Amino acid sequence: AQRVTQPEKLLSVFKGAPVELKCNYSYSGSPELFWYVQYSRQRLQLLLRHISRESIKGFTADLNKGETSFHLKKPFAQEEDSAMYYCALRFPPTGANSKLTFGKGITLSVRP
Amino acid sequence: GAVVSQHPSWVICKSGTSVKIECRSLDFQATTMFWYRQFPKQSLMLMATSNEGSKATYEQGVEKDKFLINHASLTLSTLTVTSAHPEDSSFYICSARGWGPMGGYTFGSGTRLTVV
């Protein structure tokens, strides 16, 4: 069965420090993976998806099929990055029946 | 960009009453809408998937008679919590997906339901 694991609940770093938010997935097919962010009192919004291979707000994520991981990284954290981050897997990857499975999320706190 | 409007943003109701939550896609047609429940500091749990004009598909363990979903048009889906009880108190979030196999998911701002 498909599953998304975010092993840590909280990551606290100082401004300017590197950030890595871990995400592992379990899926027998070819996965489509996303990172969503939820800032305080705001709705969930898409941060990036692996198929676009783009960098948003300085964040990148590389799909590693061998390790079944999709870790989110940023070289220099900013205070405005403080938020809740969710990794999500879309299954099946295409089609009207596809839906998202979310990890439990991780709170990123960036201290000044 | 795609916008999903969810109302109300919060509601308090008495135990035993029913509450309706609306989810509208404002600038696109949503082939599919999803309803999630989120407990404090926890992940989003998918409750059901609704396609316009057809019955909703509920996830295992979700009571379809308690959580009634209607997707009457390509821009509106409603979730009705019937005979609400305090344990139904939660944060409910809708999401809408547009056309095409790679249609993106857009989320509503959520509804905080408190049953007293």
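The values are calculated or read from the model by the stated rules, or taken from the named source; none is laboratory data. Everything quoted here is computed from the prediction, not taken from an experiment. Quick reminder, even Gly has a Cβ in these numbers, built from the backbone with ideal geometry, and neighbours come from all protein chains shown. Please note that ligands, DNA and RNA were not included when accessible areas were found on the heavy atoms of the full protein model with its side chains. Shrake-Rupley method; radii C 1.70, N 1.55, O 1.52, S 1.80 Å.
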Item to check | Candidate residues B:TYR105, A:TYR27: accessible-area rank, largest first, probe 1.4 Å | outcome: A:TYR27, B:TYR105
Checklist entry - Out of B:PHE28, B:CYS94, B:CYS13, whose Cα points farthest toward the positive end of the dipole of chain B (charges: +1 Lys, Arg; -1 Asp, Glu; placed on Cβ)? => result B:CYS13
Checklist entry - Say R0 is 25 Å: what FRET efficiency, to the nearest 0.05, do B:ASP27 and A:LYS65 get from their beta-carbon distance? => result 0.10
Item to check | Taking only Cα atoms of the protein assembly as shown, radius of gyration then Dmax in Å | outcome: 17.7, 52
Checklist entry - How would B:SER77, A:SER109 rank on accessible area, largest to smallest, probe 1.4 Å? => result A:SER109, B:SER77
Checklist outcome for this item: With every protein chain kept in place and a 1.4 Å probe, the residues B:SER90, A:SER52 fall, from largest accessible area down, as A:SER52, B:SER90
Checklist entry - Once both labels are modelled 7 Å past Cα along the beta-carbon direction, what's the A:SER28-B:THR80 spacing in nm? => result 3.9
Checklist entry - By how many nm would the segment from A:SER40 to A:PHE76 lengthen if fully extended, with 0.36 nm per residue of separation less the alpha-carbon distance? => result 10.9 nm
Item to check | Share antiparallel - DSSP beta bridges, chain A, percent rounded to 5 | outcome: 85
Item to check | Stretchable slack from B:GLU59 to B:GLU87, in nm (0.36 nm times residue separation minus alpha-carbon distance) | outcome: 8.3 nm
Next on the checklist: Quick check: the distance between the Cα centres of the stretch A:4-66 and the stretch B:42-95, to the nearest angstrom?
Outcome noted: 27
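Counting residues in chain B as N, plug N into 2.2 N^0.38 Å and put the Cα Rg over that result.
On the way: Rg = 13.4 Å, N = 116, 2.2 N^0.38 = 13.4 Å.
Rg over 2.2 N^0.38 Å, computed on Cα atoms: 1.00.
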Item to check | Peptide ranges A:30-40, B:57-67 listed from the most packed, as the mean C-beta count within 10 angstrom indicates | outcome: A:30-40, B:57-67
Next on the checklist: Which one, A:ALA83, A:ALA17, A:ALA61, has the greatest fluctuation when you compute a Gaussian network model over chain A with C-alpha springs under 10 angstrom?
Outcome noted: A:ALA17
Item to check | Residue of A:LYS74, A:LYS15, A:LYS57 that the Gaussian network model of chain A assigns the largest fluctuation, springs spanning Cα pairs under 10 Å | outcome: A:LYS57
Checklist outcome for this item: Relative contact order in percent for the stretch A:52-100 (Cα pairs under 8 Å, 6+ apart) equals 20
Checklist entry - Can you pull the Rg over Rh of chain A, Cα-only, Kirkwood? => result 0.96
Next on the checklist: Using Cα springs under 10 Å in a Gaussian network model of chain B, which residue among B:SER50, B:SER25, B:SER15 shows the largest mean-square fluctuation?
Outcome noted: B:SER15
